[in-house]
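*Asks:* Encoded as structure tokens, here's the structure I'll be asking about.
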Amino acid sequence: MSTSAHTPSGGRHDVALLIYRKDRKGNFELLVRHEEPKKRGVYHVPSRASHPNEKTTDTAKRIGVESLGREIPASHLDYTRSAIAHSSNRDARASVFMVKATPQLEELTKMWRWRGWSYLFLPLNDYEGEVHLSSSVNATAASLIMLLQD
């Protein structure tokens with residue numbers, strides 16, 4: 001993951017939200033979604049492809065409304081709390097915004113399903129798999145922890 005301009009420049013460009021909180025021990029937990037029951041263990045963060053000429057912050061706000069049914073305030077979408085993640089072959093990238101969980105976002109985990117997905121806070125310290133940041137970009141739990149600590 002790297003920091004660079006958040007402006008789509010050809011090719012596929014997605015935007016993802018890393019909605020996080022800390023547990024009582026100070027370890028990071030990430031809001032993820034999964035399809036029940038067949039795909040348990042395959043976790044995704046909310047993401048969308050940017051529309052042509054759309055700012056990444058506008059795409060992030062659209063994710064909040066369209067995917068989560070919640071507004072993400074502009075004050076929560078700070079470029080200093082963001083990064084660019086690349087696919088392993090570097091042909092796809094995703095702008096990733098780190099967003100601290102709010103009570104409204106935490107409500108998603110109390111619902112049985114929301115728009116076809118089940119939500120939970122995944123303890124990153126205990127997870128050894130990858131999380132899908134977009135359809136083409138994945139990240140390990142260890143790399144996400146490093147990203148959230150910055």
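The values are calculated or read from the model by the stated rules, or taken from the named source; none is laboratory data. Remember, it's a predicted structure, so these values are computed and weren't measured experimentally. Side chains included, ligands, DNA and RNA excluded: accessible areas come from the protein's heavy atoms. Shrake-Rupley method; radii C 1.70, N 1.55, O 1.52, S 1.80 Å.
*Asks:* Return the aspartates and glutamates within reach of residue 55: Cα separation strictly under 13 angstrom, same-chain partners fewer than 8 residues apart disregarded; answer none if there are no such residues.
*Replies:* In chain and number order, the partners are 14, 78.
*Asks:* Given contacts defined as C-alpha pairs under 8 Å and at least six residues apart, what's the relative contact order of region 11-147, whole-number percent?
*Replies:* Details: 259 pairs, mean separation 44.5, N = 137.
Once normalised by length, the contact order is 33 percent.
*Asks:* I've got another one for you. Provide the per residue accessible area, probe 1.4 Å, for the chain, rounded to a whole number of square angstrom.
*Replies:* Details: 8150 Å² over 150 residues.
Heavy-atom SASA per residue in the chain reads 54 Å².
*Asks:* If you don't mind, another one. Here is the link list: 25/110; 61/100; 25/100. Which ones come out longer than 20 Å on Cα distance? Working shown, then result.
*Replies:* On the way: 25/110 22 Å; 61/100 14 Å; 25/100 17 Å.
As for pairs spanning more than 20 Å Cα to Cα, those are 25/110.
*Asks:* Still on this structure: What percentage of the solvent-accessible surface of region 40-150, computed with a 1.4 Å probe over protein heavy atoms, is contributed by carbon and sulfur atoms? Walk me through the intermediate numbers first.
*Replies:* Values: 2910 of 5850 Å².
That share works out to 50 percent.
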